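*Asks:* Starting off with a structure, shown below.
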Amino acid sequence: MPVGLDLGSHTIRAVELDNVKGSVVLTRFGSYENPKISLESKTKEDLLTYTAALKSFFSEIGFSTPEVYTSLPESYVFTRVIKLPQMSEKELKTSIAFEAEQYIPLPLKDVSYDFQIIDNDLVDKDKMNVLLVAAKKEFLSKYVALVKGSGLSPKGLEPETLSLTRALNASVGKANASIIVNFGTNDSQIIVTYKGFVRFTRSISVGGGTITRAVAQGLGLEYAQAEEYKRTYGLDPSQAEGKVYNAIKPVFDGILGEIKRSRVFYTTHSPSVIINRIILCGGTALMPGLLFYVTNNLDLETELANPWRNIVFSDRIDSQKEKIMELGPIFVTAVGLALKELKKDGI
């Protein structure tokens, strides 16, 4: 099965799964982090450095196949659920170009796009919900070139939102809606899922790097030291005389405000849907005190993402089970990508 490859701004994470007698088995995994590599840089030198790091990482972990599914950062992808008149998938294929032109804020000749029929609309029974995704061809070409330049074979690309939702479907359930928050380095995604599908998504330009810079500024530290302080003390007011907590709190309160606004927006347009849970993903989700802080400030059940819920660990990595479980929130995207081959979900 292809490896799920999550390429971050300064991180690389990958997961390899296998289907053994009906069970999904984790056979290999790895994580690499280096602030000196940059996926977002446009210089040829920086992209070559990232490519070399990816090639070395894959070789060191010893994945059994060069085939990969790779995610696309949501900040570079257009993802939207639109309402259209009821029609068959065949009919939609013939009219999607016209519909896409109404919603995608770029010339269609410059983007690649796809769609997925979700279900009938809960409010307007004559309409159906369709997930529309698009990305600039230029950006896709850059990703494909980077992956191929590392000696890997790209099997497919998809928005990170879809990978996250696939990995967490066992957690979110289908009775009520859930919010998934994925903390990236430079931005974060807020996703509302219901009945196993993405219903609403937005990207905000605040991430783990924003929090680190706030700590650096508030305490007069270099970035690397501020990052260490953030990971060690986080939102725990009893640590470091509360100084790190006080530096982080205003930034994180801003994130909570965006989550609340997103919840209100979605439930206003879908009043029959109840959102009762929030699931936290990404490296920032592991910050001390964060789970307690979110629980106390949002009227929602709060949990750290666990992408391993229905996955068995192979004998060769079972000794690392405790570590793997703890790091679950940072592997959600990679797990979702690795599951794509097993769970054909239409896009």
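*Asks:* Would you point out the residue of segment 93-124, among those that are within 20 Å of Gly196 (Cβ to Cβ) and among the hydrophobic types (A, V, I, L, M, F, W, C), that is surrounded by the most Cβ atoms within 10 Å (Cβ to Cβ)?
*Replies:* Going through segment 93-124, the residues within 20 Å of Gly196 (Cβ to Cβ) turn out to be 114-123.
Checking which are among the hydrophobic types (A, V, I, L, M, F, W, C) leaves us with 115, 117-118, 122-123.
Numbers: Phe115: 20, Ile117: 17, Ile118: 18, Leu122: 15, Val123: 10.
Here the residue is Phe115.
*Asks:* For the list (1) part of a helix (DSSP H, G or I); (2) more than 17 Å from the chain's Cα centre (by Cα), I need the number of the one condition that Val335 fails.
*Replies:* Every listed condition holds for Val335 apart from (2).
*Asks:* Turning to a different aspect of this structure: Do we find a residue being assigned to a strand (DSSP E or B) and either farther than 30 Å from Leu106 by Cα or in contact (Cβ under 8 Å) with a residue 24 or more places away in the chain (or both) anywhere in segment 42-54?
*Replies:* First pass over segment 42-54, keeping only residues assigned to a strand (DSSP E or B): none.
No.
*Asks:* Only one of (1) closer than 21 Å to Arg202 by Cβ; (2) touching a helix residue (DSSP H, G or I) at 6+ places or on another chain (Cβ under 8 Å); (3) part of a strand (DSSP E or B) fails for Val81. Which number is that?
*Replies:* If we test Val81 against (1) closer than 21 Å to Arg202 by Cβ; (2) touching a helix residue (DSSP H, G or I) at 6+ places or on another chain (Cβ under 8 Å); (3) part of a strand (DSSP E or B), just (2) comes out false.
*Asks:* List every residue pair whose Cβ atoms lie under 8 Å apart, where the two residues are 6 or more positions apart in sequence or sit on different chains, the first residue falls within segment 10-30 and is over 10 Å from Ala338 (Cβ atoms), and the second residue, located anywhere, is hydroxyl-bearing (Ser, Thr, Tyr) and buried (at least 19 other Cβ atoms within 10 Å of the Cβ).
*Replies:* What qualifies is His10/Thr185; Thr11/Thr185; Arg13/Thr333.
*Asks:* Taking Tyr50 as meeting all but one of (1) surrounded by fewer than 22 Cβ atoms within 10 Å (Cβ to Cβ); (2) at pLDDT 90 or above; (3) among the hydroxyl-bearing types (Ser, Thr, Tyr), write down the number of the exception.
*Replies:* Among (1) surrounded by fewer than 22 Cβ atoms within 10 Å (Cβ to Cβ); (2) at pLDDT 90 or above; (3) among the hydroxyl-bearing types (Ser, Thr, Tyr), Tyr50 violates only (1).
*Asks:* Let me ask something else. Tally the residues that are on the phi > 0 side of the Ramachandran plot and either of a type outside the set (Lys, Arg) or not in a loop (DSSP other than H, G, I, E, B) (or both), restricting the search to segment 3-29. Step through it out loud before you land on a result.
*Replies:* We begin by selecting, within segment 3-29, every residue on the phi > 0 side of the Ramachandran plot; these are 21-22.
Filter once more, so that each one left must be either of a type outside the set (Lys, Arg) or not in a loop (DSSP other than H, G, I, E, B) (or both): 22.
The qualifying residues number 1.
*Asks:* Right, another one. Identify the residue in segment 93-137 that is polar (S, T, N, Q) and assigned to a helix (DSSP H, G or I) and, among all such residues, is nearest to Pro73 (Cα to Cα). Reasoning before the result, please.
*Replies:* Just the residues of segment 93-137 that are polar (S, T, N, Q), to begin with: 94-95, 102, 112, 116, 120, 129.
Filter once more, keeping what is assigned to a helix (DSSP H, G or I): 94-95, 102.
Values: Thr94: 28, Ser95: 27, Gln102: 23 Å.
Going through the qualifying residues, I end up with Gln102.
*Asks:* Now a separate question. Which one of Ala177, Ala145, Ala167 is within 21 Å of Leu342 (Cβ to Cβ), among the hydrophobic types (A, V, I, L, M, F, W, C) and touching a helix residue (DSSP H, G or I) at 6+ places or on another chain (Cβ under 9 Å)? First the steps, then the outcome.
*Replies:* On the way: Ala177 fails: within 21 Å of Leu342 (Cβ to Cβ); Ala145 fails: within 21 Å of Leu342 (Cβ to Cβ).
After applying the criteria, what remains is Ala167.
*Asks:* Go through the residues of segment 150-170 one by one and say whether even a single one is at pLDDT below 90, small (Gly, Ala, Ser) and surrounded by fewer than 21 Cβ atoms within 10 Å (Cβ to Cβ). Show your work before the answer.
*Replies:* We begin by selecting, within segment 150-170, every residue at pLDDT below 90; these are 169-170.
Cutting the leftovers down to small (Gly, Ala, Ser) gives us 170.
After this cut, where a residue has to be surrounded by fewer than 21 Cβ atoms within 10 Å (Cβ to Cβ) as well, the list is 170.
There is at least one residue in segment 150-170 that is at pLDDT below 90, small (Gly, Ala, Ser) and surrounded by fewer than 21 Cβ atoms within 10 Å (Cβ to Cβ).
*Asks:* Okay, next question. Would you kindly identify the helices (runs of 4 or more DSSP H) lying entirely within segment 243-328 that contain at least 1 residues that are farther than 20 Å from Ile190 by Cβ, in the same structural domain as Thr212 (by the TED database) and free of Cβ contacts under 8 Å to residues at least 40 places away in the same chain? Please lay out each step first, then the result.
*Replies:* Numbers: elements: 243-269, 290-297, 321-326.
Qualifying helices (runs of 4 or more DSSP H): 243-269.
*Asks:* Across segment 54-93, what is the total count of residues that are under 14 Å from Glu160 (Cα atoms) and not aromatic (Phe, Trp, Tyr)? Spell out how you get there, then give the answer.
*Replies:* Taking segment 54-93 and keeping what is under 14 Å from Glu160 (Cα atoms), we get 69-80.
Keeping just the survivors that are not aromatic (Phe, Trp, Tyr) gives 70-75, 77, 79-80.
Final tally of qualifying residues: 9.
*Asks:* Which condition from (1) touching a helix residue (DSSP H, G or I) at 6+ places or on another chain (Cβ under 7 Å); (2) surrounded by 15 or more Cβ atoms within 10 Å (Cβ to Cβ); (3) more than 29 Å from Pro35 (Cβ to Cβ) is the one that Arg263 breaks?
*Replies:* Going through (1) touching a helix residue (DSSP H, G or I) at 6+ places or on another chain (Cβ under 7 Å); (2) surrounded by 15 or more Cβ atoms within 10 Å (Cβ to Cβ); (3) more than 29 Å from Pro35 (Cβ to Cβ) one by one, Arg263 breaks only (1).
The values are calculated or read from the model by the stated rules, or taken from the named source; none is laboratory data. The structure presented is a predicted model; accordingly, all values stated were derived computationally and were not measured. Please note: Cβ atoms are built from the backbone with ideal geometry, for glycine as well, and neighbour counts cover all protein chains shown.
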